[in-house]
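Below is one structure, written out as structure tokens, with a few remarks after it.
The values are calculated or read from the model by the stated rules, or taken from the named source; none is laboratory data. No experiment lies behind these values; they were computed from the predicted model shown. Heads up, the Cβs are rebuilt from the backbone with ideal geometry, glycines too, and the neighbour counts pull from every protein chain shown. Each accessible area value is taken on the protein alone, full model and side chains, heavy atoms only, with ligands, DNA and RNA left out. Shrake-Rupley method; radii C 1.70, N 1.55, O 1.52, S 1.80 Å.
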Amino acid sequence: NMTGNITTRDTSANGIVLNTSGTNNINTVNMTGNITTSGSGASGIYLFNSGNNTNTVNIAGLISATGSNSYAIDSSNSDSTSSNIVQLNKGSSVIGAIRGVGDYTANNFLKLNLGAGASYSFATTGFTVSDLNGRPMVTGSAYAAGVGNVTTASQSLYERTSQITQSLDDRVRTYDAKQNTSQDFWVNTYYSDSGRGGQGLSGSNLSFNQYRSGITAGFNVKNSYTPTELIVNYEHGKLNIDEGNQGISSNSVMAGVLFPDIKKLFTGTLSAKALIGYSDFSGDRKVLTNDVALNGSRNVTANYQSSHLTIGSAWTKTLYQTDKIILDTLVGIDLNTQHINSYSESDLFKWNGRTINQLQERVTLGMEIKPMINPLTLYGRVGIERRDLISGENQNYAINNTAVSYNDSNQRNTYATLNASAYYPLTPTVKAYAQVRYYDSVKDIDSLSGSIGISGQF
């Protein structure tokens, strides 16, 4: 078990040598430290095997071999019954050549357990290479793309629309309760922070943090056939996937129309909405490489766009109403469609266009209270929300010009939500409000968001 650091500077000064002879020997090295060699012919790890023996090296640290005629990992078997196994685990890094030699190179095994969010481009010879994280890998050396952008797309679409949905649902409630329906405008600014922890060894448990800030405004259309509000939204977002292995920034606009009171149904109010949108993304991906000139990794970037369409309906009903208390419920369903255009990340990864169709359902129960401090109004609301990816779970792309495909298994999620808000009239015609929202999901994603806004009449 090697937990410290090994540094050598002279000719043929290898870091670790396993030179195994005899029969039925099993040698295992668990390495969490770092090996650095800089001399000529000085390899980081040298494995030689004869007889019915097995050498295994599990690496979670750094191996660097930068001298001439040296190898980060050098492996050889002298007969068909011996084998050398090298496993690169999450957090490891290799700088220098990876080589297997001899007549039995088929018994040199390189296993990559770097996590589903990691991308790599390793030059190897004389090794049988396998990826342990359930995503495509292309051999002829070893190439793979982290699938964080694939597995977070459905969650990101939910995040993109959830804050707008909250604002529009609040507007629908005011119409059902016959409050402030004549106001000319409202403006809502918000910030949200969501994320998930996890080891990230598979696409379903990749860690990420997502930050979004935006502004939504609604304008009452006077003298329309049915109550109508025009909606505009701008949002900036940042997504950090797998502890910095991939980052995506976005700027997005959406615009549309809300019909907050199109029909009275079962003594409640039925509403409808439709919005279209456009997003511009910039991505930065870390690619692990053993090229000495790149010092262990390189970054590839991309710019791409997507278009959005949201249509939905909600039904809300005031269950109980007095001067001091209002109880209400809301049931809603939205169809969200996003088409992500094709794009390339240098010469390594080329992503085909992908269209995602997702249903979002929600049920909430809320209470409005007017406390003794007039004219302050307090709200509390609990709910259940769900997203279901009904199409678009498959992502086609190319690695080093070889076509591959990945199926996103993270197709649905259920969220328990909690909202608390306060409203206060600044003038007889202008009202200010603040809201805090928290959700927790069955897939270990949680979020905290806050918003402030005003609504008023000219």
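Among the residues of region 411-458, how many are outside any strand (DSSP E or B), over 18 Å from T364 (Cα atoms) and open to solvent by 10 Å² or more (accessible area, probe 1.4 Å)?
First pass over region 411-458, keeping only residues outside any strand (DSSP E or B): 411, 426-429, 442-445, 457-458.
Then keep just the ones that are over 18 Å from T364 (Cα atoms); that gives 411, 426-429, 443-445, 457-458.
Now restrict to residues that are open to solvent by 10 Å² or more (accessible area, probe 1.4 Å): 411, 426-429, 443-444, 457-458.
Residues meeting the conditions: 9.
From V150, V187, V172, which residue is of a type in the set (V, I, T) and part of a strand (DSSP E or B)? It would help to see each step written out before you state the result.
Working: V150 fails: part of a strand (DSSP E or B); V172 fails: part of a strand (DSSP E or B).
Result of the check over V150, V187, V172: V187.
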All conditions in (1) at negative phi; (2) under 19 Å from the mean Cα position of the chain (by Cα) are true of V253 except (2)
Could you figure out which of (1) buried (at least 23 other Cβ atoms within 10 Å of the Cβ); (2) not in a strand (DSSP E or B) isn't true of L239? (2)
State yes or no: is D328 open to solvent by 40 Å² or more (accessible area, probe 1.4 Å) and either of a type outside the set (S, T, N, Q) or touching a residue at least 40 places away in the same chain (Cβ under 8 Å) (or both)? no
Among the listed residues S83, S68, which satisfies the condition of being surrounded by 20 or more Cβ atoms within 10 Å (Cβ to Cβ) and over 26 Å from I248 (Cα atoms)? S83
Could you say whether any residue in region 157-165 is open to solvent by 10 Å² or more (accessible area, probe 1.4 Å) and assigned to a strand (DSSP E or B)? no
Looking at region 351-390 only, could you name the residues that are assigned to a loop (DSSP other than H, G, I, E, B) and either at pLDDT below 95 or open to solvent by less than 10 Å² (accessible area, probe 1.4 Å) (or both)? K370, P371, M372, I373, N374, P375, L376
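Per-residue answers, yes or no, for (1) in contact with a helix residue (DSSP H, G or I) (Cβ under 8 Å, 6 or more places away or on another chain); (2) closer than 17 Å to L376 by Cβ; (3) in contact (Cβ under 8 Å) with a residue 60 or more places away in the chain:
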{"residue": "T417", "(1), (2), (3)": "no, no, no"}
{"residue": "K431", "(1), (2), (3)": "no, yes, yes"}
{"residue": "V436", "(1), (2), (3)": "no, yes, no"}
{"residue": "D440", "(1), (2), (3)": "no, no, no"}
{"residue": "I454", "(1), (2), (3)": "no, yes, yes"}
Quick check on Y304: is it hydroxyl-bearing (S, T, Y), open to solvent by 70 Å² or more (accessible area, probe 1.4 Å) and over 30 Å from A97 (Cα atoms)? no
What do you reckon, is N58 closer than 20 Å to Q87 by Cβ and either part of a strand (DSSP E or B) or out of contact with any Ser or Thr (no Cβ under 6 Å at 6 or more places or on another chain) (or both)? yes
Within the set of pairs 6 or more residues apart or between chains, which connect a residue that is in contact (Cβ under 8 Å) with a residue 40 or more places away in the chain inside region 16-28 to a residue that is in a loop (DSSP other than H, G, I, E, B) with Cβ atoms less than 6 Å apart? T20/N53
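Inspect all residues belonging to region 48-55 and state whether any of them is touching a strand residue (DSSP E or B) at 6+ places or on another chain (Cβ under 6 Å), assigned to a strand (DSSP E or B), of a type in the set (V, I, T) and open to solvent by less than 30 Å² (accessible area, probe 1.4 Å).
Just the residues of region 48-55 that are touching a strand residue (DSSP E or B) at 6+ places or on another chain (Cβ under 6 Å), to begin with: 48-49, 53-55.
Still in the running and assigned to a strand (DSSP E or B): 48-49, 54-55.
Then keep just the ones that are of a type in the set (V, I, T); that gives 54.
When the remaining residues are screened for being open to solvent by less than 30 Å² (accessible area, probe 1.4 Å), the result is none.
No: region 48-55 contains no residue that is touching a strand residue (DSSP E or B) at 6+ places or on another chain (Cβ under 6 Å), assigned to a strand (DSSP E or B), of a type in the set (V, I, T) and open to solvent by less than 30 Å² (accessible area, probe 1.4 Å).
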Output for region 88-101, where each listed residue is surrounded by 19 or more Cβ atoms within 10 Å (Cβ to Cβ) and under 27 Å from T23 (Cα atoms): L88, I98, R99, G100
Here, strands (runs of 3 or more DSSP E) confined to region 293-350 with at least 3 residues that are under 22 Å from R386 (Cα atoms) and small (G, A, S) are 297-321
State all residues of region 263-284 that are surrounded by 14 or more Cβ atoms within 10 Å (Cβ to Cβ) and polar (S, T, N, Q); if no residue qualifies, say none. T269, S271, S279
Does V287 meet the test of being of a type in the set (V, I, T), open to solvent by 30 Å² or more (accessible area, probe 1.4 Å) and in a strand (DSSP E or B)? no
Looking only at region 264-285, how many residues end up being of a type in the set (G, A, S), touching a residue at least 40 places away in the same chain (Cβ under 8 Å) and out of contact with any helix residue (DSSP H, G or I) (no Cβ under 9 Å at 6 or more places or on another chain)? 1
